[in-house]
Number of protein chains: 2
Amino acid sequence: MKREELLGIRYKKSENFSEWFSEVVEKCGLADIRYPVQGFIVHRPWSFFVIRKIIQAFEEELEKRGHEVALFPLVIPEENLVKEEEHTGFKPQVFFITEAGERKLSRRLALRPTSETAIYPMFSLWIQSYTDLPLKIYQSVTVYRYEHVTRPFIRGREFIFIEAHDAFREHEDALKQIREDMEISREVITNKLAIPFIYFKRPHWDKFKGAEDTYAADTIMPDGRSLQIASTHDLGQRFSKAFDIKFVDRNGEWKYVWQTCYGPGVWRIFAALVSIHGDDKGLIYPFEFSPIQVVIIPIFYSEDEKEKVLRKCSNIARKLKEFRVKIDDSEKTPGEKFNHWEMLGVPFRLEIGINEVDGNFVTVFRRDNFSKIKVEDDKLVESILALSKEMLENLRRRAEEVFRSMISEAHSKEELLKLMNEKRGFIRVNFCNEEECARKLKEETNGLEVKGTLADKVEEPSGKCVWCGKKAKAVVYLAKSY
Amino acid sequence: MKREELLGIRYKKSENFSEWFSEVVEKCGLADIRYPVQGFIVHRPWSFFVIRKIIQAFEEELEKRGHEVALFPLVIPEENLVKEEEHTGFKPQVFFITEAGERKLSRRLALRPTSETAIYPMFSLWIQSYTDLPLKIYQSVTVYRYEHVTRPFIRGREFIFIEAHDAFREHEDALKQIREDMEISREVITNKLAIPFIYFKRPHWDKFKGAEDTYAADTIMPDGRSLQIASTHDLGQRFSKAFDIKFVDRNGEWKYVWQTCYGPGVWRIFAALVSIHGDDKGLIYPFEFSPIQVVIIPIFYSEDEKEKVLRKCSNIARKLKEFRVKIDDSEKTPGEKFNHWEMLGVPFRLEIGINEVDGNFVTVFRRDNFSKIKVEDDKLVESILALSKEMLENLRRRAEEVFRSMISEAHSKEELLKLMNEKRGFIRVNFCNEEECARKLKEETNGLEVKGTLADKVEEPSGKCVWCGKKAKAVVYLAKSY
């Protein structure tokens, strides 16, 4: 095998997405899966820098809309974890602390699998009057679940997410918040990261444990499987009754609050970013999120050229100081450097040789479409800003094209069975909306799940359920999922 | 008791610092200590916003100096925790996970008390050649220690800190890093937060468990006790030998790396910020770190005035959009609002009444020195920027004055015994540098500890040890500590 093959990505994303993903995770230094506890990964700088940027993008949108940042303890007393009946379903997945040093603790402490049961006992202390509402709080944390099959950034025993927890006077306010949460998702995931998704209202058998209704954003990964990347839950008054969160209304009446929680799945959003924008060469990071935004490669063939070229590289780097810039002056060949930084997804490469020195320009290479243009030194900053916008637009256009091509429609069982083998992604069908039918469908299709109805649009069903033939009650979208 | 007394801070910082601190923590909404697991606190927005800003300030300085951000798992296998002999000393303080759901795990997993033993097994995989060095990495995380006596932001079972872990080819590089770490501390803690401190080299009996040498920044709290707010450790080759972290040098020889770690104690830096700058009215937050930087209070006595005043308030808020601004248009009286936001430490209050409307100015109140000035509407932005710098300078000057007044010198045992009852803070003495003498000194003075010698300056001892009378070998600083 040639050195280059050893170093670069060998699998093709379109042919073997799963191996491609694992190779990118390893070779681009995203995660190290060799940490000596199974299911726990090390987040290396080339992923964590981007993840932190994603977190900050969400935090900004949350705070713009009146949320305040807080941090609640990692540990939850077991009796609180099981206070809300359905939420108790998390228990088999929870890690428990039972000892400190050589001492046994008097009770088990759960590691947060999600923080409703850590936060709501405090809400019950903080909320007394209608003037304490709305209460809108969030935290960006790691959470812990005892998963059996794990995958970096997709499913892990430790993963990163943001959780916003809100309490309101009226159910109507809660429903408004859900629409706001969808808007935040749109703002960050679509507008900033160029990742397409559909927000579904999940069927009642697939709700969050303890929710009245669950709304979730699903994207489609290159292998055609859907990936939930954010979710918003209408908690109704279930938790407020379980945790006694009440307020005195204007007319002196005690009432339970209405609650929502919203969880952008930061880990999975990162997985989607890697998978959807990446190509056979490796990663493609959007400009705003890349740890290095511009890499400068000096090219020279003599000592005399070297000095001139390196001087220009420094000057250009200084000119670009508002961006995150690296001059790669290592001992590798220019070709090796090109390959390395392309694999790592750096949006722009500047090639600077003696021609560039003499002509007062630089050669700008764009990672997304491999185009090369010459830009005058004096126009470089504005040019990179303009190109970075174009690049984001291009990534969005490409991703949306693929996404749209992965949504199809089946009008009969036969058509569905045929489609599911030919096409990947979502299949739109008329459905009876019975849990039992969904169960059979999943079993007999080797995993096709009902992801739900569109969250922001009512689609009227017509005719019969595509699977059981009973009267259709909803238009739903089916997909195999992560 | 009057309503105002109930709402405001009742204890005086100078008379009863401990009660003052607890009251500020509660009434300013910094932490809630009623979380149902002992020693774990809820970080409420009015503290956590500031803590996050402090974290970001350190992250910026760390990254400027070549550190990369990463995230290592929370859990550490017990066998790794005890690999370095002295570091094993952490074990009695460590929480252990032993169960998941109803299942027993095959081995105990420690919650990180600090992350050397999580990170260094990976260093041993990542570092192979001299070209892999230096390796400079950091993470901002919560850590867990089974402490018996806890205090919000000072000592807790869960607390927030940053840990930077670096590996080098030569010991000299490591020592250079230690100086850089001190510089980072100075940059954030002194320059941005106006908190004075001294960096000490700790005596050998008070080193970090597993370090060759420990350097630590101590400030003085208003009760005269010293508080360690950052520390840097020269780990030598202890961990590299325990975890087999080796590299091939230029000439083909295998060598162990030299390591340092640096921990800005973010939690305690926040405690120092609250305690050192605060006054009898409550908090005083520096402008750059305050969740709200400018609060606008409308003042009116008629419906007609109300409309004009509120309109001006909105216009002014828009003018100040580069800052974090709040208009307090709640139903409380202006006086109540004044007290509330003074207690919360908001740097500037703008009072806007009909005079301000008619005269095209606003009345600006400064929290640190209670001064009020009139500023023309058009000069408000630049005026607030200038005042915020003055305010930081004033806070620094005040804090340094108090700090200097808390450093004294004793030349004999008698003088020391007298001083320790009269003066608070550090006492500079000639010392024999024997652990046994330090132990006796601490016992017989009810807690005076040897904090160490100055880290950045050699002070030549003279004469005899202030305590045992043997030949003095060092000039050290004594203090009672948190």
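Around A:Ile127, under 11 Å between beta carbons, what's the net of Lys plus Arg minus Asp minus Glu among the other residues? Intermediate values should be presented prior to the final figure.
Details: positive: A:Arg169, A:Lys246, A:Lys255; negative: A:Asp132, A:Asp244.
Taking every other residue near A:Ile127 into account, the sum is +1.
If I take all pairs of Cα atoms in segment A:3-277, what percentage of them are more than 23 Å from each other? Numbers along the way, then the final one.
Working: 21252 of 37675 pairs.
The proportion of pairs with Cα distances above 23 Å equals 56 percent.
Could you state the orientation-averaged shadow area of the convex hull built on the Cα atoms of segment B:376-415, in nm² to one decimal?
Working: hull surface 12.9 nm².
So the Cα hull casts an average projection of 3.2 nm².
Under the classification rounded if a/c is under 1.5, otherwise prolate if a/b is larger than b/c and oblate if not, where does segment A:345-482 fall, given a ≥ b ≥ c as square roots of the Cα gyration tensor eigenvalues?
On the way: a/c = 4.98, a/b = 3.60, b/c = 1.38.
Prolate shape, in that a/c is at least 1.5 and a/b is the bigger ratio.
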Notebook entry, point to check: To the nearest 10 degrees, how steep is helix A:334-343 against the longest Cα principal axis of chain A, on a 0 to 90 scale?
Noted result: 10
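So if we plug the beta-carbon distance of A:Lys326 and B:Glu288 into 1/(1 + (r/R0)^6) with R0 = 35 Å, what FRET efficiency do we get, rounded to 0.05?
Working: r = 29 Å, r/R0 = 0.82.
It comes out at approximately 0.75.
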Notebook entry, point to check: Against the longest principal axis of chain B, how steep is helix B:413-422, in degrees 0 to 90 to the nearest 10, with axes from Cα atoms?
Noted result: 30
Checklist line | For the protein assembly as shown, with +1 on Lys and Arg beta carbons and -1 on Asp and Glu, the positive-most of B:Trp467, A:Phe58, A:Leu105 along the dipole | finding: A:Leu105
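Please report, largest first and rounded to whole Å, the three semi-axes of the ellipsoid equivalent to segment B:41-95, where each semi-axis is the square root of five times an eigenvalue of the C-alpha gyration tensor.
The three semi-axes for segment B:41-95 are 29, 19, 10 Å.
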Item checked: Global form of segment A:68-204, assessed from the alpha-carbon gyration tensor, a/c cut-off 1.5 -> oblate
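Divide by every residue of the protein assembly as shown the summed helix terms, -39500 (n - 2.57) for each DSSP H run of at least 4, and state the resulting mean residue ellipticity at 222 nm, rounded to the nearest 500 deg cm²/dmol.
Values: 28 runs with 324 residues, N = 964.
Dividing the helical sum by the residues of the protein assembly as shown leaves -10500 deg cm²/dmol.
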Next item on the list: With 26 Å as the limit, write out which pairs from A:Lys306/A:Lys332; A:Lys12/A:Lys326; B:Lys308/B:Lys332 have Cα-Cα distances beyond it, or answer none.
Entry: A:Lys12/A:Lys326
Note to self: Taking the alpha-carbon distance from B:Lys470 and a cut-off under 19 Å, which aspartates and glutamates remain once sequence neighbours fewer than 8 residues away in the same chain are dropped?
What the structure shows: B:Glu409, B:Glu414, B:Glu415, B:Glu434, B:Glu435, B:Glu436, B:Glu443, B:Glu444, B:Glu449, B:Glu459, B:Glu460
Notebook entry, point to check: What are the distances, in nm and sorted shortest first, from the label point of B:Asp329 to the label points of the same position in each other copy, with each label point placed 7 Å from Cα along the Cα-to-Cβ direction?
Noted result: 5.7
Checklist line | Residues of segment A:383-414 with amide N under 17 Å of the 7 Å Cα→Cβ point at A:Asn369 | finding: A:383-402
Next item on the list: Could you work out the Kirkwood radius for segment A:407-479, taking every pair of different alpha carbons, averaging 1/r and inverting it, reported in Å?
Entry: 11.9
Checklist line | Paired Rg and Dmax values of the protein assembly as shown, which use every Cα atom, in angstrom | finding: 30.4, 101
Check: In nm, one decimal, shortest first: how far is the label point of A:Arg179 (7 Å from Cα along Cα to beta carbon) from the matching points in the other copies?
Finding: 6.2
Check: In whole Hz, what ³J(HN,Hα) sequence does segment B:382-393 give by Karplus (6.51, -1.76, 1.60; θ = phi - 60°), x for Gly and Pro?
Finding: 5, 5, 5, 4, 5, 5, 5, 5, 4, 5, 4, 4
Notebook entry, point to check: Between Rg and the Kirkwood Rh of segment A:34-133, both from Cα atoms, what is the Rg to Rh ratio?
Noted result: 1.04
Notebook entry, point to check: Given segment A:294-387 reduced to its alpha-carbon atoms as identical point scatterers, what log10 I(q)/I(0) does the Debye formula return at q = 0.10, 0.12, 0.16, 0.23 Å⁻¹?
Noted result: -0.22, -0.32, -0.59, -1.28
Check: Net charge near A:Arg169, counting Lys/Arg +1 and Asp/Glu -1 over other residues with Cβ under 14 Å of its Cβ?
Finding: -2
Next item on the list: Run the quick spin-label model on B:Ile407 and A:Arg404: label points 7 Å from Cα toward the beta carbon, then report their separation in nm to one decimal.
Entry: 7.0
Notebook entry, point to check: What net charge do the residues around A:Glu443 carry, taking every other residue with its C-beta under 12 Å from that of A:Glu443, with Lys and Arg at +1 and Asp and Glu at -1?
Noted result: 0
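Rank these for me by crowding, A:His165, B:His148, going from fewest to most other beta carbons within 10 Å.
Taking fewest neighbouring Cβ atoms as first place, the list is B:His148, A:His165.
Output the pairs from A:Lys53/A:Lys337; B:Lys64/B:Lys312; A:Lys201/A:Lys255; B:Lys176/B:Lys207; B:Lys13/B:Lys471 with a Cα-Cα distance over 31 Å in this structure; if there are none, say none.
Details: A:Lys53/A:Lys337 26 Å; B:Lys64/B:Lys312 42 Å; A:Lys201/A:Lys255 27 Å; B:Lys176/B:Lys207 19 Å; B:Lys13/B:Lys471 41 Å.
Table pairs above 31 Å Cα-Cα are B:Lys64/B:Lys312; B:Lys13/B:Lys471.
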Check: Between B:Glu409 and the same site in the other copies, what are the distances in nm, shortest first, taking label points 7 Å from Cα along the C-beta direction?
Finding: 9.0
Check: chain B: percent of C-alpha pairs farther apart than 40 Å?
Finding: 31
Check: What's the tally of Lys pairs in segment A:419-468 whose alpha-carbon atoms lie under 18 angstrom apart, where the two lysines are 8 or more places apart or on different chains?
Finding: 5
Check: What does the average come to when, for each residue of peptide A:88-99, you count the partner chain Cβ atoms lying within 10 Å of its Cβ?
Finding: 5
Next item on the list: Report relative contact order for chain A in percent, whole number only (criteria: Cα-Cα under 8 Å, sequence separation at least 6).
Entry: 13
Item checked: Distance (nanometres) between label positions extended 7 Å along Cα→Cβ at A:Asp206 and A:Gln56 -> 3.5
Check: Residue separation times 0.36 nm, minus the C-alpha to C-alpha distance between A:Gln128 and A:Tyr482: what's the value?
Finding: 123.3 nm
Checklist line | Over segment A:228-374, equivalent-ellipsoid semi-axes from the Cα gyration tensor in Å | finding: 54, 17, 11
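No lab work stands behind these numbers, since they all come straight from the coordinates. All values derive from a computational prediction rather than experimental measurement. Reconstructed Cβ throughout: ideal geometry from the backbone, glycine too, with neighbour counts over all protein chains shown.
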